[in-house]
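Structure, as C-alpha cells:
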Amino acid sequence: LLISCATVYMLIGNYNEGALLLGSVFVIIYITFYQNRKTEKALESLRQLSSPRAMVFRDGLPTRIAGREVLPGDKLLLNEGDRVPADALLLQSAHLSVDESLITGESLPVSKSLDEGCNVLYSGTLVVQGSAFAKVTNTGLNSEMGKLGQSLKTIEQTPTKLQMEMKLLIRNLFLIGVLISAVVVVFFYISRGDFLRSLLNGLSAAMAILPEEFPVVLTVFLALGVWRLSKKNILTRLPAAIETLGSASVLCSDKTGTITQNKMAIKSLYTHERTFLHDHFDQHKNDISEIVKVLFHASMPDPVDPMEIAIHATYHQLGLNSSDQLLRTYPFSKQLFAMTSVLEDAKANKCAYCKGAPEALFELCQLSESDIQHYKQQMNAFADNGYRVLAAAKARLELQELPDFQTEFQFEFIGLVAFEDPIRPEVPAAIQDCKSAGIKVIMITGDYAQTAKSIAAQIGLENAHACITGDELKHLSAIELQEKIKDIRVFARIVPEQKLVIINALKANGEIVAMTGDGVNDAPALKAADIGVSMGLKGTDVAREASALVLLDDHFASIVSAIRSGRKIFDNLQKAMSYIIAIHMPIIGLVLLPAIFSSMPILLMPMHIVFMELIIDPVCSVVFESEQEELGIMLRPPRSNSDRFFGWKNILSSILKGLGLLMLVLLVYYFAKDQVNNEAALRAIVFSAFVFGNVFLIVNTLSKTRTWIDILKERNRSVLIMFSLAFMLLFLTLKVPYLQSVFSFEFPGYRVLLMVFVFALIMLLILELIKRIQNRKV
C-alpha cells in the first residue's frame with residue numbers, strides 16, 4: 001500500500017512525500033529482519049540448554065555427553081536423579097526404582113530388576129532410587145517416546161474459527177474493494193474528466209475500503225497476548241490458541257502436580273491404638289517417635305521418592321537424630337512390597353526396620369485375622385480421606401549373621417502412616433471461578449477411585465461422588481460415553497490412552513476442550529484437544545511439542561488465569577475489529593460522495609487517509625489490547641461454539657456507529673460550507689471533525705460495560721499517549737505552513753474547531769446513551 005502511494009506521488013511530482021513513504025517501507029523491512037534474527041538466536045540458545053546429559057562408556061572409558069548424542073549399543077551408567085536418555089536393557093542394577101509416569105501415567109515409582117519384563121528402561125523416565133548399568137537399544141524415533149511422537153502426525157489440527165472467518169472476510173472485502181474502486185475511477189472520470197485525479201480518488205477508495213488493519217491487529221494482539229501470558233508462567237507455542245481460550249467450556253485436568261502439589265506429606269500416624277494428626281505431632285513427640293524412627297531408618301539416606309522425602313522431613317521436624325550404622329538393605333521386589341534396613345548402634349545392637357504395603361507387613365508380622373481386620377478398618381478410614389497408607393514394623397536381632405531374605409525376621413507391627421499429596425491452596429478458589437464462568441472441570445487421574453473422589457470433594461467439584469474408572473470406560477460405547485460424560489466430573493484409574501477417548505467424546509458433544517497432560521502417551525490427547533496444555537516442570541518434550549500452551553509452574557490456577565486472559569483478549573480483539581469496520585464507513589463515504597456529486601469538493605486525499613491509518617493501526621493494536629477486562633468477565637457462560645466472531649449483529653452495530661460518525665462529519669461540512677468559502681479551510685474543518693469523532697468513537701468502543709468517564713478515570717497510559725499524539729499531529733497539520741501545503745489545509749480558526757469539538761461530544765453522548773440502554777436490556 002505504501003509503495004503504491006509512493007509511486008502515485010512520484011508520478012504527479014511530489015517526490016518528497018514519495019521518498020518518505022518508501023523510507024517507511026525500508027524501516028519496516030529492517031525491523032522485521034532484525035527481530036527474526038534475534039528470535040532465531042534465542043531459540044538456538046534454548047535448544048542447547050534444554051538437552052539433558054548422560055554418562056556413557058565408550059572404549060571402556062566413562063564420558064558425559066548430551067542425551068541426544070547417545071547411540072544404540074552405548075553402555076549407560078544411571079544413578080538417582082538421572083533422566084534415562086534412550087530405551088535401554090538392564091545389565092546390572094542395585095535397588096533400582098524408576099518413575100515412569102511420563103510414559104504410563106502411573107504416579108508411583110516402578111521397581112526394576114533383571115527379571116524378564118522388568119528389565120526394560122524407557123527414554124524420558126526418571127531414576128528415583130538405586131543405580132543401574134544398561135545397554136542402549138533404541139534412540140530417537142525408534143524409542144517408545146519417539147514412536148508415539150510419530151503417531152501424532154495422524155492427528156490433524158484444524159484452523160481456529162477466527163482464522164477461517166478472517167480469511168473469508170478479507171477475501172470478500174478485497175473483491176468488493178476492487179469493484180468499488182473501479183467504479184469510483186469511472187464515475188470520477190465521467191463527471192470531472194481528469195484521469196490522474198480519477199486514479200488518485202480510486203486509490204483513495206481502495207485504501208478506504210480494504211481493512212488492511214485486520215492482519216496487523218490480529219498479529220499484534222496475539223503477540224502481546226503471548227507476552228502477557230508469559231508473565232503468568234504460561235508459555236504459548238501456538239498463538240492462535242489464545243483466541244480459543246476465551247470460549248473453553250470444559251477443562252480436563254490431571255490431579256498429581258496440577259491440582260495437588262506432588263509433594264507427599266505425612267498427614268496421620270496410627271500407633272499404640274491411637275491416631276495422631278500432623279498438627280499435633282510436636283505435642284505427642286514421645287508417643288510417635290518410635291514409628292517415625294522406624295520409617296526413617298527403613299528409607300534411603302538420600303531419598304528421591306516423595307514419600308521418603310516426607311518421612312525425612314517429619315523426622316527432622318521432631319528433632320530426632322541417630323548415629324546408627326547401616327549394615328544391609330533389603331529392597332522392594334515384585335514378590336514382596338516391603339523394604340527393610342538393618343542398622344547397628346554404638347553398643348553393637350542390631351535392629352531391622354521395615355516399611356511397605358500394609359498387606360505385606362501383615363504377612364511378615366504374622367498377625368491374627370482379628371488384628372488384620374482391626375488395622376484394615378483404620379486403613380479404610382485413611383483411604384476415605386484420599387490418603388496413601390504404608391505400614392511400619394521392626395525386629396531386634398540376636399544373630400550375628402544376617403539372613404538372605406527379609407521374610408526370615410521376626411517383625412513386630414508398629415503402626416500405620418497416612419500420606420497426603422496436599423491440594424494447592426489456590427485450587428478451590430480457581431474451581432469456583434470456573435463454576436461461575438460456566439466452565440466444567442473434569443479431573444482425570446491414574447489414582448484409585450476413592451482417592452480421586454475425596455480430592456474432588458475437597459476442591460469443590462460438582463458431582464464429586466460420581467466417577468468412571470478405566471475398567472468401566474473400556475466397556476462403554478462411544479454413544480454411551482457421550483451421554484454419561486455430561487454429568488461425570490471424575491475419571492479414576494485412567495491410562496493415558498483413554499484420555500483421547502474422553503477428549504473425543506467431549507468434542508462430539510460440542511464442547512470446547514482444554515486438557516492438561518505431561519506424559520508421552522498424553523500427546524495424542526493434547527493435540528486432539530482444542531487447547532492442549534502441557535506441564536513445563538514434569539512434562540516430556542513430546543507432550544510439550546503436541547500442546548498449544550505450556551505451564552511453567554504446573555499450577556491449576558495458571559490454567560484458569562489463562563482462560564480469563566483469553567476472554568479478555570477475545571473481547572478486546574472483537575472491539576478492535578468492530579472499530580476498524582466502523583471507522584472505514586466515514587472514510588468510504590467521504591471518498592465516494594465527491595465521485596457521485598461533482599459539486600462536492602474532494603475532502604479526503606491519499607495523504608489524509610495515510611494519516612488516519614497512522615492513528616487507526618496503533619490505536620487498535622495497542623490501546624484496545626491494553627484495555628482492562630470487562631466487568632464480570634468470569635461471571636458469564638463460555639461463548640457458544642456456534643457464535644460467529646463477525647456475526648451480523650456485531651457487523652451491523654459497527655456499521656451504524658460508522659454511519660453515525662459519517663453523519664457528524666457531513667453535518668459539520670454543511671454547517672461550515674456557508675461560513676467558509678476557502679476549499680482548503682473547509683477540508684481542514686471536515687478532517688478535524690473526522691479526527692475528533694474518531695477519538696470519541698474509540699473512547700466509546702473501548703468498553704461495553706463501562707462509561708467513557710470510567711475509562712478516562714482508569715488513566716490507561718496507551719489511551720492518553722495515542723490521543724495526545726493524535727491531537728498534537730492534527731494541530732501541527734493545521735498550523736505549520738509546510739504541513740498545510742502537504743495536506744492542502746488552511747487553519748479555520750479556534751472558534752470553528754470548538755464547534756467541531758462540541759458536535760463530536762454530542763455524538764459521544766448519544767453513543768453512550770445507546771450503550772447504557774443495551775446494558776440495561778442485558
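The values are calculated or read from the model by the stated rules, or taken from the named source; none is laboratory data. All figures in this text were calculated on a predicted structure; none of them were measured in a lab. Cβ sites come from the backbone with ideal geometry, for glycine too, and all protein chains shown count toward neighbours. Accessible surface is based on the protein model in full, side chains and every heavy atom, while ligands, DNA and RNA are left aside. Shrake-Rupley method; radii C 1.70, N 1.55, O 1.52, S 1.80 Å.
Among the candidates VAL610, VAL622, single out the residue that is among the β-branched types (Val, Ile, Thr) and open to solvent by 40 Å² or more (accessible area, probe 1.4 Å).
Exactly one residue qualifies, and that residue is VAL622.
Using the structure shown, decide if VAL520 is in contact (Cβ under 8 Å) with a residue 40 or more places away in the chain, open to solvent by less than 10 Å² (accessible area, probe 1.4 Å), touching a Gly at 6+ places or on another chain (Cβ under 6 Å) and within 28 Å of LYS147 (Cβ to Cβ).
Judged against the criteria, VAL520 is not a match.
Would you mind telling me which numbered condition in (1) out of contact with any Gly (no Cβ under 8 Å at 6 or more places or on another chain); (2) at pLDDT 70 or above ALA182 fails?
The one condition ALA182 does not meet is (1).
Of ASP487, ASP471, which residue is open to solvent by 60 Å² or more (accessible area, probe 1.4 Å) and part of a helix (DSSP H, G or I)?
Values: ASP487 fails: part of a helix (DSSP H, G or I).
So the residue among ASP487, ASP471 that is open to solvent by 60 Å² or more (accessible area, probe 1.4 Å) and part of a helix (DSSP H, G or I) is ASP471.
Of the residues LEU90, LEU141, which is at pLDDT 85 or above and either touching a Cys at 6+ places or on another chain (Cβ under 7 Å) or over 30 Å from ILE581 (Cβ atoms) (or both)?
It is LEU90.
If you take the residues in the stretch 233-261 that are of a type in the set (S, T, N, Q) and within 10 Å of the chain's Cα centre (by Cα), which one is farthest from GLU462 (Cα to Cα)?
The selected residue is THR236.
Residue by residue through the stretch 62-80, note down the ones that are at pLDDT below 80 and within 29 Å of GLU308 (Cα to Cα).
Correct list: GLY67 only.
Within the stretch 60-84, track down each residue that is open to solvent by less than 30 Å² (accessible area, probe 1.4 Å) and part of a loop (DSSP other than H, G, I, E, B). If you could, list the steps in order and put the result at the bottom.
So the first thing to find is which residues in the stretch 60-84 are open to solvent by less than 30 Å² (accessible area, probe 1.4 Å), and the list is 65-67, 70, 74, 76, 78, 84.
Answer for the stretch 60-84, where residues must be open to solvent by less than 30 Å² (accessible area, probe 1.4 Å) and part of a loop (DSSP other than H, G, I, E, B): VAL70, ASP74, VAL84.
Take SER558 and decide whether it is touching a residue at least 60 places away in the same chain (Cβ under 8 Å) and among the hydroxyl-bearing types (Ser, Thr, Tyr). Let's see the steps before the verdict.
Details: touching a residue at least 60 places away in the same chain (Cβ under 8 Å): yes; among the hydroxyl-bearing types (Ser, Thr, Tyr): yes.
For SER558, the condition - touching a residue at least 60 places away in the same chain (Cβ under 8 Å) and among the hydroxyl-bearing types (Ser, Thr, Tyr) - is met.
Tell me which of these ALA310 doesn't satisfy, since it passes every other one: (1) surrounded by 15 or more Cβ atoms within 10 Å (Cβ to Cβ); (2) at pLDDT below 90.
Here ALA310 clears every test but (2).
Just to verify a result, which residue in the stretch 675-723, among those that are modelled with pLDDT of 85 or more and aromatic (Phe, Trp, Tyr), is surrounded by the fewest Cβ atoms within 10 Å (Cβ to Cβ)?
Taking the candidates together, the pick is PHE696.
Within the stretch 627-654, which residues are open to solvent by 50 Å² or more (accessible area, probe 1.4 Å), of a type in the set (A, V, I, L, M, F, W, C) and in a helix (DSSP H, G or I)?
Answer for the stretch 627-654, where residues must be open to solvent by 50 Å² or more (accessible area, probe 1.4 Å), of a type in the set (A, V, I, L, M, F, W, C) and in a helix (DSSP H, G or I): TRP648, LEU652.
Would you pick out the residues in the stretch 104-123 that are buried (at least 22 other Cβ atoms within 10 Å of the Cβ) and at pLDDT below 80?
The answer is GLY105, PRO109.
In the stretch 505-530, which residues are in a helix (DSSP H, G or I) and among the small types (Gly, Ala, Ser)?
ALA505, ALA508, ALA523, ALA525, ALA528, listed by residue number.
Check PHE757 against each of (1) at pLDDT 85 or above; (2) surrounded by 17 or more Cβ atoms within 10 Å (Cβ to Cβ); (3) more than 26 Å from MET634 (Cβ to Cβ) and name the one condition it does not meet.
With (1) at pLDDT 85 or above; (2) surrounded by 17 or more Cβ atoms within 10 Å (Cβ to Cβ); (3) more than 26 Å from MET634 (Cβ to Cβ) applied to PHE757, the lone miss is (2).
Given the conditions (1) closer than 20 Å to HIS608 by Cα; (2) surrounded by 14 or more Cβ atoms within 10 Å (Cβ to Cβ), which single one is not true for GLU768?
Exception for GLU768: condition (1).
Taking THR451, is it crowded, with 18+ Cβ neighbours inside 10 Å and more than 16 Å from VAL250 (Cα to Cα)?
Here the answer is yes, as THR451 does meet what is asked.
Got at least one residue in the stretch 265-281 being touching a residue at least 40 places away in the same chain (Cβ under 8 Å) and within 31 Å of the chain's Cα centre (by Cα)?
Yes, the stretch 265-281 contains at least one residue that is touching a residue at least 40 places away in the same chain (Cβ under 8 Å) and within 31 Å of the chain's Cα centre (by Cα).
Regarding the stretch 425-437, can at least one residue be identified that is hydrophobic (A, V, I, L, M, F, W, C) and either at pLDDT below 85 or farther than 25 Å from GLY517 by Cβ (or both)?
Taking the stretch 425-437 as the starting set, the residues that turn out to be hydrophobic (A, V, I, L, M, F, W, C) are 427, 429-431, 434, 437.
Then keep just the ones that are either at pLDDT below 85 or farther than 25 Å from GLY517 by Cβ (or both); that gives none.
Among the residues of the stretch 425-437, not one is hydrophobic (A, V, I, L, M, F, W, C) and either at pLDDT below 85 or farther than 25 Å from GLY517 by Cβ (or both), which makes the answer no.
Anything in the stretch 258-286 that is out of contact with any helix residue (DSSP H, G or I) (no Cβ under 9 Å at 6 or more places or on another chain) and open to solvent by less than 70 Å² (accessible area, probe 1.4 Å)? List them, or say none.
Across the stretch 258-286, the qualifying residues are GLN261, HIS284.
Limited to the stretch 241-267, what total is found for residues that are in a loop (DSSP other than H, G, I, E, B) and within 30 Å of VAL495 (Cβ to Cβ)? Walk me through how you get there before you give the answer.
From the stretch 241-267, those in a loop (DSSP other than H, G, I, E, B) are 246-249, 255-259, 261-264; that's our starting set.
Add one more test, that the residue is within 30 Å of VAL495 (Cβ to Cβ), and what stays is 247-249, 255-259, 261-264.
Final tally of qualifying residues: 12.
Hey, can you tell me all the residues within the stretch 732-751 that are outside any loop (DSSP other than H, G, I, E, B), closer than 18 Å to VAL676 by Cα and open to solvent by less than 50 Å² (accessible area, probe 1.4 Å)?
LEU734, GLN740, PHE743
For the stretch 425-447, name all the residues that are part of a loop (DSSP other than H, G, I, E, B) and farther than 11 Å from LYS255 by Cβ. Give the derivation first.
Taking the stretch 425-447 and keeping what is part of a loop (DSSP other than H, G, I, E, B), we get 425-426, 437-439, 445-447.
Across the stretch 425-447, the qualifying residues are PRO425, GLU426, ALA437, GLY438, ILE439.
Residue under question is PHE409, and the condition is that it be under 24 Å from TYR315 (Cα atoms), in contact (Cβ under 8 Å) with a residue 12 or more places away in the chain and in contact with a Leu (Cβ under 8 Å, 6 or more places away or on another chain); does it hold?
So PHE409 does not fit the description; no.
Just to be sure I understand the filter: pairs with C-beta atoms under 7 Å, separated by 6 or more residues or on different chains, first member in the stretch 373-388 and over 16 Å from GLN458 (Cβ atoms), second member of a type outside the set (Asp, Glu). Which pairs pass?
TYR375/PRO358; TYR375/LEU416; GLN378/TYR270; GLN378/LEU416; MET379/PRO358; MET379/VAL389; MET379/LEU416
Looking at VAL513, is it open to solvent by 50 Å² or more (accessible area, probe 1.4 Å), among the aliphatic types (A, V, I, L, M) and under 26 Å from ALA241 (Cα atoms)?
Against the criterion (open to solvent by 50 Å² or more (accessible area, probe 1.4 Å), among the aliphatic types (A, V, I, L, M) and under 26 Å from ALA241 (Cα atoms)), VAL513 does not qualify.
Among the residues of the stretch 377-399, count how many are of a type outside the set (A, V, I, L, M, F, W, C), in a helix (DSSP H, G or I) and open to solvent by less than 90 Å² (accessible area, probe 1.4 Å). Please lay out each step first, then the result.
Taking the stretch 377-399 and keeping what is of a type outside the set (A, V, I, L, M, F, W, C), we get 377-378, 380, 384-388, 394, 396, 398.
Now restrict to residues that are in a helix (DSSP H, G or I): 377-378, 380, 384.
Those left that are additionally open to solvent by less than 90 Å² (accessible area, probe 1.4 Å): 378, 384.
Adding up the residues that qualify gives 2.
Could you list, in sequence order, all residues of the stretch 410-448 that are of a type in the set (Phe, Trp, Tyr) and open to solvent by 60 Å² or more (accessible area, probe 1.4 Å)?
TYR448
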